[in-house]
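Asks: Sending over a structure as structure tokens; questions will come in a sec.
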There are 2 protein chains.
Amino acid sequence: MEKIDSLIGQCAGADVVVLPELANSGYNFTSKEQARESSEEVGKGPFSEFLLSKCRQYGFHLVAGINERDGDSLYNSSILVSSDGIIGKYRKMHLFWNEPDFYQSGNLGLPIFDLGFCKLGMLICFDWIHPEVWRIMAMKGADLICHPSNLVLPGLCQKAIPVHAMMNRIYVITANRVGAEGDKTFTGMSVIADPKGDVIHQASQSEEEAGIVDLDVTLARDKMMTPLNHLFDDRRPEEYALLCEKK
Amino acid sequence: MEKIDSLIGQCAGADVVVLPELANSGYNFTSKEQARESSEEVGKGPFSEFLLSKCRQYGFHLVAGINERDGDSLYNSSILVSSDGIIGKYRKMHLFWNEPDFYQSGNLGLPIFDLGFCKLGMLICFDWIHPEVWRIMAMKGADLICHPSNLVLPGLCQKAIPVHAMMNRIYVITANRVGAEGDKTFTGMSVIADPKGDVIHQASQSEEEAGIVDLDVTLARDKMMTPLNHLFDDRRPEEYALLCEKK
């Protein structure tokens, strides 16, 4: 929280600020007990209160990865906070590596939140490799997908994000972590991509920093790839049944 | 056919050779009549015969875009040919720009062909922007997707192809056209990407050329992104229903 506090003032005046995955706990747990110690019930712990206080101080919305406790279960979650309180929550749907040792899989679907100035969805880290969820969120009207991350596979996600943005005509903000924790090194290079697939901000590989860009949501709401090709009207869902077949 | 003939000898010894979209007709038709004139019934016209003769001469398999006539209908198709004859056919599912003026949408699904040394699927040009079909073909066991193209949007597909390859752990060969036809300029930069998302061959923007690479299908059959993450077992199809909802 001290580190976030020292950087977040640079984002005064922004509408939406995105922090990395599990920003209240770190990532590389050695036991379920350790994971549990740093978890909190959303809206009822010190990290939720801290985020709310920052939203009230600066007037922005915050998206932050959070180690969420719900009864006996933990979730790798992302929350959307405004000065009015907790607006929404997403629980990571595709867990990475040994995360199932600590976390339940996400069970809240793929919600979109209408902030008036922008429709916002959240995905977390390894969700990046499943194009299904990016498509679904775009089809549900997301202008912007905020993507708190603790990426460790070198450069793969950072290469995919502009393509997700382009194929779905949306903005994506991937807020990644830098530095190391135990045997895991995080790859930094946080990226903001626009609906044309251009990278409009790229952070460094090793430094903690805040980057600010302007987004034009009208660009994300224009789904015409050519004057005759609407990205979603062109879809052939009757041909995609295999994607939805239960295991 | 003369142009293809002059280059294709360089591919002697290859297992699979991929040609661009609509390789027997050109792309930029001004009327349905013009499109019809250069079309042929698969397996029964001069282009099919030419491809078969080349397969017999060199012993390879050919994938080629073809302006296909079937009764009163035209299809923007891709065929797979061996020295034994026509093995398979794919009809473009997502038509681009004014193509619906000439072509019916593909109605043969997303077939995969097992050649013994490799399981092969075909997609055509603008299919690139629909991640659904790449995922489906990979789930159906494609090691390699051959992607005849006449790309005109600058650089977008070429950026997406390595990401499709990486997200699905498959090989992709995009054989694109160079040069211009009427008001359309084709973007070249044919690309071969491997299951790690690396570009293992990239052709030039403006020259007709043949490129040959070795593919290791065992790499495409290993769907473990980490020791604990199987790309397809990790999927959450119960959460993807929107992708398959009929219009």
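The values are calculated or read from the model by the stated rules, or taken from the named source; none is laboratory data. Remember, it's a predicted structure, so these values are computed and weren't measured experimentally. We place every Cβ from the backbone using ideal geometry, glycine too, and count neighbours over all the protein chains shown. Accessible surface is based on the protein model in full, side chains and every heavy atom, while ligands, DNA and RNA are left aside. Shrake-Rupley method; radii C 1.70, N 1.55, O 1.52, S 1.80 Å.
Asks: Can you sort A:I136, B:I212 by 1.4 Å-probe accessible area, starting with the largest?
Replies: B:I212, A:I136
Asks: Using a Förster radius of 41 Å, what is the FRET efficiency between B:E33 and B:I212 based on their Cβ-Cβ separation? Nearest 0.05, please.
Replies: 0.60
Asks: Relative to the longest principal Cα axis of chain A, at what angle does helix A:46-58 sit, 0 to 90 degrees, rounded to 10?
Replies: Helix A:46-58 sits roughly 60 degrees off the main axis of chain A.
Asks: Next up: Measuring from the lowest to the highest alpha carbon on each principal axis, how far does region A:2-244 reach, largest first, in angstroms?
Replies: 54, 42, 33
Asks: How high is the FRET efficiency from A:H230 to B:D183, r the C-beta distance, R0 22 Å, rounded to 0.05?
Replies: Here the calculated transfer efficiency is 0.50.
Asks: Grab the other residues whose beta carbon is less than 15 angstrom from that of B:E209, score K and R as +1, D and E as -1, and report the net.
Replies: -1
Asks: Total accessible area buried between chains A and B, 1.4 Å probe, in Å² to the nearest 100?
Replies: For A against B, buried area totals roughly 4800 Å².
Asks: Now for a different question. Scan region A:196-241 for GluC sites (Glu not before Pro) in coil per DSSP, keeping those whose Cβ has at most 12 other Cβ atoms within 10 Å, and list them by number.
Replies: A:E207, A:E209
Asks: What do you get for the angle between helix B:156-168 and the principal long axis of chain B? Use alpha-carbon atoms, 0 to 90 degrees, nearest ten.
Replies: Around 40 degrees separate the two axes.
Asks: Of all the accessible heavy-atom surface of chain B, with the other protein chains kept in place and a 1.4 Å probe, what percent is carbon and sulfur?
Replies: 47
Asks: Would you mind checking which residues have amide H under 5 Å from A:G88's amide H? H placed 1.01 Å from N; only 5 or more apart, or other chain.
Replies: Amide H to amide H, under 5 Å and 5 or more residues apart or across chains, A:G88 pairs with A:L80.
Asks: Just for region A:2-244, what percent of DSSP beta bridges are antiparallel, to the closest 5?
Replies: If I count the DSSP bridges inside region A:2-244, around 70 percent turn out antiparallel.
Asks: Same structure, new question: Take A:S83 and B:D114, extend 7 Å from each Cα along the Cα→Cβ direction, and tell me the distance between the two endpoints in nm.
Replies: 6.4
Asks: Here's another thing I want to ask about it. In deg cm²/dmol and to the nearest 500, what is the mean residue ellipticity at 222 nm of chain B if only DSSP H runs of at least 4 residues count, each as -39500 (n - 2.57), divided by the residue total?
Replies: Calculated from helices alone, the mean residue ellipticity at 222 nm is -6000 deg cm²/dmol.
Asks: Another one. With every protein chain present, what accessible area does A:V199 have (1.4 Å probe, heavy atoms only), rounded to the nearest 10 Å²?
Replies: Its heavy atoms expose roughly 70 Å² to the probe.
Asks: Place the label 7 angstrom along Cα→C-beta at B:E37 and in each other copy, then list the distances from the first to the rest in nm, shortest first.
Replies: In nanometres, ordered from closest: 8.0.
Asks: Convex hull over the alpha-carbon atoms of the protein assembly as shown: what's its volume per residue in Å³?
Replies: Hull volume over Cα atoms, normalised by residue count, gives 145 Å³.
Asks: Which net charge results for the neighbourhood of B:I66, defined as the other residues with beta-carbon distances under 15 angstrom from its beta-carbon, given Lys and Arg at +1 and Asp and Glu at -1?
Replies: Cβ neighbours under 15 Å give a net charge of 0.
Asks: Just flag the GluC sites (Glu not before Pro) in region A:13-119 sitting in loop per DSSP whose Cβ has no more than 15 other Cβ atoms within 10 Å.
Replies: Within region A:13-119, the qualifying GluC sites (Glu not before Pro) (loop, at most 15 other Cβ atoms within 10 Å) are A:E41.
Asks: Which distance in nm do the two modelled labels at A:Q202 and B:K3 give, with both placed 7 Å along the Cα-to-Cβ direction?
Replies: About 3.4 nm, to one decimal.
Asks: Shortest first, in nm, what separates the label point of A:G179 from those of the same position in the other copies (7 Å along Cα→Cβ)?
Replies: 5.8
Asks: Show me the three semi-axes of the equivalent ellipsoid for region B:1-91, from the C-alpha gyration tensor (sqrt of 5 times each eigenvalue), largest first, rounded to whole Å.
Replies: Over the Cα atoms of region B:1-91, the semi-axes work out to 23, 14, 10 Å.
Asks: For chain B, what does the relative contact order come out to in percent, with C-alpha contacts under 8 Å and a separation of six or more?
Replies: Taking the mean separation of contacting Cα pairs over the length of chain B, I get 15 percent.
Asks: Okay, moving on. Would you list A:M224, B:M1, B:M122 from the most to the least accessible area, probe 1.4 Å?
Replies: Largest to smallest exposure gives the sequence B:M1, A:M224, B:M122.
Asks: Could you work out how far the C-alpha centroid of region A:151-215 sits from that of region B:1-68, in angstrom?
Replies: 42
Asks: Tell me, what is the FRET efficiency for A:L153 and B:L242 to the nearest 0.05, using R0 = 30 angstrom and their Cβ-Cβ distance as r?
Replies: 0.65
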